[in-house]
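One structure is given below, encoded as structure tokens.
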Amino acid sequence: MQDYFEIGQIVNTSGLKGVVKVNLFTDELTKIEEFEKVLIEKNKKLTEYEIEEVRYNKNQALIKFKGIDDIDTAETFRNCIIKVHRSSEKELPEDTYYIVDLIGLEVYLDTGEKLGILKDVFPVHGGNNDVYVVETGERDVLLPAIGDVIKEVNIQEKKMIVHLLEGLI
């Protein structure tokens, strides 16, 4: 399991006082407000920054970090990834997983046959479940993340067991 979660990417500056525009990777745009401090990965090095202010413009967060006080300094953070430590996240409810923990799981049919590797998860906004993308070697298989299909997830063993409903493949 990863120690850090990527929660956004700095994509531009805003104004002259060091504010940066951030594309957030979280389901909730305002989730960034839960953190007083975050880590910014710059040149493969993580440095902690305190969040001074958060505003929003369309689907982006405008963030002012303590110590980044002018446009020239802010510009050096363009394309940097914002991360938080796993321990700063809330515990998830039962049968709920972080996408980063699911990617790479070996996927087996409930008959014991290996189906493939889970390579992506598509959150379905407004829908009741996500869609899992399993790479089989021949083609990708899309599986709805519902109890009738996803029978077991074991993050420690990096394994998922699924039951294919008629018509899924």
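For Phe65, the residues whose modelled amide H falls within less than 5 Å of its own, excluding neighbours fewer than 5 places apart on the same chain, are Val20, Glu52. Give me log10 I(q)/I(0) at q = 0.15, 0.22 Å⁻¹ for the stretch 4-88, Debye formula, one equal scatterer per alpha-carbon, no solvent. The computed values of log10 I(q)/I(0) come out as -0.45, -1.04. Across the stretch 4-88, the mean sequence separation of Cα contacts (distance under 8 Å, 6 or more residues apart), normalised by length, yields a relative contact order of 43 percent.
Built from the Cα atoms of the chain, the convex hull projects on average onto 11.6 nm², one quarter of its surface area. Using a cutoff of 8 angstrom between alpha carbon atoms and counting only pairs six or more residues apart, the relative contact order for the stretch 99-162 works out to 31 percent.
Calculated mean residue ellipticity at 222 nm for the chain: -1000 deg cm²/dmol, from DSSP H runs with n ≥ 4 weighted as -39500 (n - 2.57), summed, divided by the residue count and rounded to 500. For the stretch 21-65, applying the loop criterion from DSSP together with a ceiling of 10 other beta carbons within 10 Å to the trypsin sites (Lys or Arg not before Pro) yields Lys44, Lys58. For the chain, the relative contact order works out to 18 percent when only alpha carbon pairs closer than 8 Å and six or more residues apart are counted.
Restriction of the chymotrypsin sites (Phe, Trp or Tyr not before Pro) in the stretch 11-71 to DSSP coil positions whose beta-carbon has at most 15 other beta-carbons within 10 angstrom yields Phe25.
What the Kirkwood sum gives for the stretch 99-162 is a hydrodynamic radius of 11.7 Å, with every pair of different alpha carbons counted.
All of the numbers you see were taken from the coordinates with simple rules; none came from a lab. If you're wondering where the values come from, they're calculated on a predicted model, not measured in any experiment. Positions of Cβ are backbone-derived with ideal geometry, glycine not excepted, and every protein chain shown enters the neighbour counts.
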